[in-house]
Amino acid sequence: PYSVMIEGSDPQMAAENAWYERRLSEVWREAERCVFVSKFLRDQALAMGCPAGKCEVAYNGTTIPSRKPPWSFDRPIRLVSIGNLLPVKGHAYLLDGFRLALERENRMRLTIVGGGYLERELRDAARGMGIEDKVDFTGAIPWGEAQEVLRRSHIFLSASVRTAEGEEEGLPLAAIEAQAAGKPAIVSASGGLPEVVEDGVTGLVVPPRDPRAIGLAILRLVADPARLASMSDRAYERAARLFDIRGQVALLKGICDSMLP
């Protein structure tokens, strides 16, 4: 017996490609278990005919600090987005939302961590918006350095979208890492992101492709340090409960054990 794990855009790709859909259906038929890293991906697969009795959800996991990282709020307010600079990440909407927020609160900086072929286009966009002095692009850097940028930041941002090709994120690990670090987050309601960030509790979930909603969410949080502190606590607690790598390893082991005679 064997299991198959679906981590990303396979169901979306299959929906756009008849050959791929047939192949994926064969895998689902033959596998003993079909494991998905988010309920979002599982539900897509169910809609495409994946047998419900075979479906399991096992979230991506990460190492959770034994103690909640310290939280402090000072200015300038430091925002961070971590992810490859690709269309699915929605960075253009993120930049525009940040621009709108700067019109009312100027003491902020945004760091965009990650490399990708859109970097020059996004730098040009920031320059065209007149906010290039408020945005730092790190390019591709080692994960340890990215974690240090995250540690120094106040709020994590992710504006992911569903692309024209149907690609959508399954369960972004950067958002999980941010919650584990106790960082309140503003994320779009795309893919598995709403499963990582609990709206109003560990951050805010906004509509995708909506810069105005992003800008207003930033302003709502930075105007309320007490709420940010509470979200920081809840983010760490929820990450420890749902995304601890040890718990996910135990869950996957249980799934594998259940397939044995």
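Just a few scattered comments:
- None of A31, A45 is of a type outside the set (K, R), under 22 Å from the mean Cα position of the chain (by Cα) and open to solvent by less than 50 Å² (accessible area, probe 1.4 Å) except A45.
- Boolean, L204 is part of a strand (DSSP E or B), hydrophobic (A, V, I, L, M, F, W, C) and under 20 Å from A178 (Cα atoms): yes
- Checked against (1) among the small types (G, A, S); (2) over 19 Å from R162 (Cβ atoms); (3) open to solvent by 10 Å² or more (accessible area, probe 1.4 Å), G182 passes all but condition (3).
- Within the range 170-187, the residues that satisfy the criterion of being outside any helix (DSSP H, G or I), within 9 Å of the chain's Cα centre (by Cα) and not β-branched (V, I, T) are G170, L171, P172.
- Residues that are touching a Ser or Thr at 6+ places or on another chain (Cβ under 7 Å) and in a helix (DSSP H, G or I), drawn from the range 224-255: M231, R234, A235, R238, I245, I255
- Looking only at residues of the range 127-150 that are among the hydrophobic types (A, V, I, L, M, F, W, C) and touching a Phe, Trp or Tyr at 6+ places or on another chain (Cβ under 8 Å), we find that the one that is surrounded by the fewest Cβ atoms within 10 Å (Cβ to Cβ) is I131.
- In the range 104-117, the residues that are on the phi < 0 side of the Ramachandran plot, touching a Gly at 6+ places or on another chain (Cβ under 8 Å) and of a type outside the set (A, V, I, L, M): G115
- For the criterion of being surrounded by fewer than 18 Cβ atoms within 10 Å (Cβ to Cβ) and within 30 Å of L110 (Cα to Cα), S66 passes.
- Output for the range 88-117, where each listed residue is hydrophobic (A, V, I, L, M, F, W, C), touching a strand residue (DSSP E or B) at 6+ places or on another chain (Cβ under 8 Å) and within 16 Å of M129 (Cβ to Cβ): L94, L95, F98, A101, L102, M108, L110, I112
- Residue list for the range 218-246, filter: crowded, with 16+ Cβ neighbours inside 10 Å and either modelled with pLDDT under 95 or of a type in the set (S, T, N, Q) (or both): S232
- Options E177, E167; residue that is at pLDDT below 95 and crowded, with 16+ Cβ neighbours inside 10 Å: E167
- Verdict on T111 being in a strand (DSSP E or B) and open to solvent by 40 Å² or more (accessible area, probe 1.4 Å): no
- When F36, F73 are checked against the criterion of being more than 18 Å from E195 (Cα to Cα) and either within 25 Å of the chain's Cα centre (by Cα) or surrounded by 16 or more Cβ atoms within 10 Å (Cβ to Cβ) (or both), F73 stands alone in meeting it.
- Among the residues listed as S158, S153, S190, the single one being over 15 Å from the mean Cα position of the chain (by Cα), touching a residue at least 60 places away in the same chain (Cβ under 8 Å) and surrounded by 22 or more Cβ atoms within 10 Å (Cβ to Cβ): S153
- Here is the figure for the range 104-150: residues that are within 27 Å of A226 (Cα to Cα), among the polar types (S, T, N, Q) and under 19 Å from the mean Cα position of the chain (by Cα) total 2.
The values are calculated or read from the model by the stated rules, or taken from the named source; none is laboratory data. What you see is a predicted model; the values in this text were computed from it and never measured. All Cβ positions, glycine included, derive from the backbone under ideal geometry; neighbour counts span all protein chains shown. SASA here: full protein model, heavy atoms, side chains in, ligands and nucleic acids out. Shrake-Rupley method; radii C 1.70, N 1.55, O 1.52, S 1.80 Å.
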